[in-house]
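K.L.:
Just dropping this structure here.
A short reminder: the numbers here are calculations on the coordinates, not readings from a lab. Everything numeric here is computed off the predicted structure, so don't read it as measured data. Heads up, the Cβs are rebuilt from the backbone with ideal geometry, glycines too, and the neighbour counts pull from every protein chain shown.
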Amino acid sequence: MKSEQHNNQKLKNDCRRFSPQLNDYVDGRLTSDNTWQIKDHLVVCNACLQKVNNFTSVMRLLNDAPKHETAPSFMSALEARIASSPAKTSTQSRIDRLFNGILRGMLEERGFGLRFTAPFAAAAACAVFACIVLVHPLYTSTSVTSSSVSSMQSDMPDSAVLQTCINQHRSETTSDPLADTSAQLLSTSVDSLPYDASKNKNLSDDDAAVLLDEEM
Amino acid sequence: MICLSLSDTSLIERCQRNDVAAFNEIVGRYKNKIYNYVYRMVGNSEDADDLTQEVFVKMYLALDTFRNHSSLSTWLYRIAGNLCIDSHRKRSRRETGFGGTISSLDEPIGGDGNDDGPSRDIPDNTFEPAKVVARYEMDAHIQIALAKLPEKMRTVVILHDIEGLQYEEIAEVVSCPLGTVKSRLFNARTALRQHLSAYMEC
Ligand SMILES: [Zn+2]
């Protein structure tokens, strides 16, 4: 009688001790010592065994549940959404954001293939320059780390060329805007971007993968 | 150069330099995982599609703030989780209940003329109608059971039992101590076992 009481007490204590570990046990996260202790306990404790079985069956059911996947139009929809999203935020000034937003948009549109044509993009770029130069003659940017346009290499990707132009343009707008040669270079650079309409129609995942290989 | 062999870290670095191909590769790597997670959180493909796109837009806009002390996948799951919770709040303000589509899953599948239903999302190459129907039915019941869980429990059990994340990764995604993750998983599995009792063999 006394030993039965003792056993019951031991069982209770073990339950309290092992119960929080049952998920770890099911998920195979315990040391082998600990695993064996629980295995021993499960032989004598129906309540814990029941929990383990429940956890295991839920885990298996969820594990086997069908995996849902994105629709084929996902990539093209995402591209359009990014192109129409506001520019990156952070510590940039509003003008800076506007400026980067439009130019970055143009870069993306080329890469992602929106339906903008290059001349339109160039016109937009010129308009933005004009606005910034006219409205904000004192517009400065302290974060310019530009390498000069003249140091650009012919094998630089278009996006890098544009970025260099933009950086130099920014650094020069404080002095004499009209003497800024980078703006001119930028518009010619944008103009010369090849516009490939075939790339731009409903980019599917497979197309994107092909594009990816081409562009790398 | 081939993007496919690059680590997430180098892809992010390329993205930060406006490399579109690297961005596409990241999206390609994670879109289905994130979509499946979001689908299980919100319970319908329309919202899941919308929110998954939003995850990658947010990622794109926040690229500069990404630091390598967390992994890309953790970061994306965290963005996704927050968006799901936000959208749920907005939705509950508009309507009551978990969402319109879920309740329709109680109806027999396939006979409601809803062409945009499960068949669009679940590729199944076997042509055994009974099996397919059983699978859809089970999927629907899983979804209903998940919807009954509080969001915090739902997040943890989906991330662990469906998405296959480790406890430690989940702790990072939901910004909680490991112990909290464990207890949420414990409670979620216990509750799911009750909700899904008809589908359990034991
Ligand atoms: Zn026990």
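K.L.:
Set the bar at 32 Å for Cα to Cα. Now go through A:K67/B:K58; A:K51/B:K131; B:K33/B:K182; A:K51/B:K90 and name every pair that lies beyond it.
P.N.:
Numbers: A:K67/B:K58 24 Å; A:K51/B:K131 29 Å; B:K33/B:K182 22 Å; A:K51/B:K90 37 Å.
A:K51/B:K90, as the Cα separations exceed 32 Å there.
K.L.:
Fewest to most neighbouring Cβ within 10 Å: what's the order for B:E54, B:E168? Could you put the intermediate results ahead of the total?
P.N.:
Numbers: B:E54 19, B:E168 11.
The order, fewest Cβ neighbours first, is B:E168, B:E54.
K.L.:
Neighbouring Cβ atoms within 10 Å as the yardstick, rank B:R17, B:R78 fewest first. Walk me through the numbers before you get to the answer.
P.N.:
Numbers: B:R17 12, B:R78 16.
Exposure proxy ranking, most exposed first: B:R17, B:R78.
K.L.:
From the phi of every residue in region B:140-154, what ³J(HN,Hα) in whole Hz does the Karplus formula 6.51 cos²θ - 1.76 cosθ + 1.60 yield, where θ is phi - 60° and glycine or proline is x?
P.N.:
Karplus-based 3J(HN,Hα) across region B:140-154 equals 5, 5, 4, 5, 5, 5, 4, 5, 7, 7, x, 3, 5, 5, 4 Hz.
K.L.:
Here's something else I'd like to know. Label points 7 Å out from Cα along the Cβ direction at B:K90 and B:S5: separation in nm?
P.N.:
The modelled label-to-label distance comes out at 4.2 nm.
K.L.:
Could you give the distance between the Cα centres of region B:124-193 and region B:1-46, to the whole Å?
P.N.:
About 22 Å separates the Cα centre of region B:124-193 from the one of region B:1-46.
K.L.:
Ranked by Cβ crowding within 10 angstrom, fewest neighbours first, how are B:Y30, B:Y77 ordered?
P.N.:
Numbers: B:Y30 22, B:Y77 27.
Lowest to highest Cβ neighbour count: B:Y30, B:Y77.
K.L.:
Provide the per-residue ³J(HN,Hα) series for region B:23-30, in order, calculated from phi with Karplus coefficients 6.51, -1.76, 1.60 and θ = phi - 60°, each as a whole number of Hz, with x at glycine and proline positions.
P.N.:
Once rounded to whole Hz, the list reads 4, 4, 5, 4, 4, x, 5, 10.
K.L.:
Here's something else I'd like to know. Take A:V44, project a point 7 Å from its Cα along the Cβ direction, then tell me which residues of region A:3-33 have their backbone nitrogen under 14 Å from it.
P.N.:
Once the point is set 7 Å along Cα→Cβ of A:V44, A:3-18 turn out to lie under 14 Å by backbone N, inside region A:3-33.
K.L.:
Apply 1/(1 + (r/R0)^6) to the Cβ-Cβ distance of B:T190 and A:S84, taking R0 = 45 Å, and write down the FRET efficiency to the nearest 0.05.
P.N.:
Values: r = 45 Å, r/R0 = 1.00.
The pair B:T190/A:S84 has a calculated efficiency of 0.50.
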